[in-house]
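The values are calculated or read from the model by the stated rules, or taken from the named source; none is laboratory data. Computed from a prediction, not measured in an experiment: that's the story for all the values here. Reconstructed Cβ throughout: ideal geometry from the backbone, glycine too, with neighbour counts over all protein chains shown. Calculation scope for accessible area: heavy atoms of the full protein, side chains included, ligands and nucleic acids excluded. Shrake-Rupley method; radii C 1.70, N 1.55, O 1.52, S 1.80 Å.
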Amino acid sequence: MSVGFIGLGVMGHPMALNLARAGIPLVVWNRTAAKSEALHTAGATVVASPAEVFERESVVILMLADSAAIDATLGRGTTTFGATVDGHTIVHMGTTSPDYSRTLEADIQAAGGRYVEAPVSGSLKPAEAGQLVAMLAGEQASVAAVRRVLEPMCRDLVFCGPVPNALLMKLSVNLFLITMVTGLAEATHFAGSQGLDLDQFVAVLDAGPMASSVSRVKAAKLVAEDFAVEGAISNVLEVSRLIAAAARKSQIASPLLDVCFALYGETRALGLDGADMVAVIHAIEQRTLSAR
């Protein structure tokens, strides 16, 4: 199966590379053309517009930043939308609100297309290693038709039922991730402020039952003060906003998420929008300084 891929950002770039390296014929487009160079080297065909991707391929993966980028790429709300999606399977692998995804599916199906929700769990390193976990939702025939093309990017593929269950699952998983990493940052700040050896702190954490692949990666970044992006503050803020909105709509309490949302907003205000999510430790440090 050949496939189109649109969106070569922090996650999309390594995901598309894994497809190309697996020998899947690939047609790619990205708003910033320079990000397509490595894909061209890996054998992908780089085109000049999203329209060319849809002209060449019937299955198109979207790994785009938000709903506005998706709508612009598909021409949604314009006279070109129907012709763009008719006869195509659109695979939405980014993170948007569940309600948006539900209406997008309805519009694509009404125009003669198919739709698969396929958000992923994992950050840059799992994306590079092809170890993401994809949550799939949609009509079973549509999902079955694209499973094989998703395998080079993912360690596991989990079918969650109808749209928007995959995005609801993604938000649930990310709620845990956000609160866990924020707790790790606060624990690291506490240990350092008490004068403890942070390498020893990490060794104790790694030896105990709380250790995970996430805690090992993020604790190492915190101790090294390495804020190079794997999952950006801006992305965490947006996902937190989506979770909070879904919780409010369903009248679900989200007290830990609400505290984290405030902290990541404070981190953005410090000019760290593009830093890794562990940079939230700076907001915690600022709260400590303000309390003294």
Count the lysine pairs in the chain whose Cα atoms lie under 22 Å apart, taking only pairs 8 or more positions apart in sequence or on different chains.
6
Based on the alpha-carbon gyration tensor of the stretch 43-87 and its eigenvalue square roots a ≥ b ≥ c, which shape applies: rounded if a/c is under 1.5, prolate if not and a/b is larger than b/c, or oblate?
oblate
Sum of -39500 (n - 2.57) over DSSP H runs of 4+, divided by residues of the chain (222 nm, nearest 500)
-17000 deg cm²/dmol
By its C-alpha gyration tensor, with a ≥ b ≥ c as the square roots of the eigenvalues, how is the stretch 8-49 shaped: rounded for a/c under 1.5, else prolate for a/b larger than b/c, else oblate?
oblate
Pull out the extension gain between F159 and E285, defined as 0.36 nm times the separation in residues minus the alpha carbon to alpha carbon distance; nm, one decimal.
41.3 nm
On a full-extension model of 0.36 nm per residue, what is the gain between A262 and L198, subtracting their alpha-carbon distance, rounded to one decimal in nm?
20.4 nm
Name the residue farthest towards the positive end of the dipole of the stretch 75-228 from the options F190, A110, A166, assuming +1 on Cβ of Lys and Arg, -1 on Cβ of Asp and Glu, about the Cα centre.
A110
Work out how far the C-alpha atoms of the stretch 110-182 reach from end to end along every principal axis, then list the three figures in whole Å, largest first.
43, 24, 18
With N residues in the chain, what two-decimal value do you get for its Cα radius of gyration over 2.2 N^0.38 Å?
1.05
Rounded, prolate or oblate: which one fits the stretch 37-169, using the alpha carbon gyration tensor with axes a ≥ b ≥ c (rounded when a/c is under 1.5, else prolate when a/b beats b/c, else oblate)?
oblate
Could you provide, to the nearest whole Å², the per residue accessible area of the chain with probe 1.4 Å?
46 Å²
Against the longest principal axis of the chain, how steep is helix 165-193, in degrees 0 to 90 to the nearest 10, with axes from Cα atoms?
20 degrees
Based on alpha-carbon centroids, what's the gap between the stretch 223-273 and the stretch 1-77 in Å, whole number please?
28 Å
Full extension from A33 to M1: what is 0.36 nm times the residue separation minus their Cα-Cα distance, to one decimal in nm?
9.1 nm
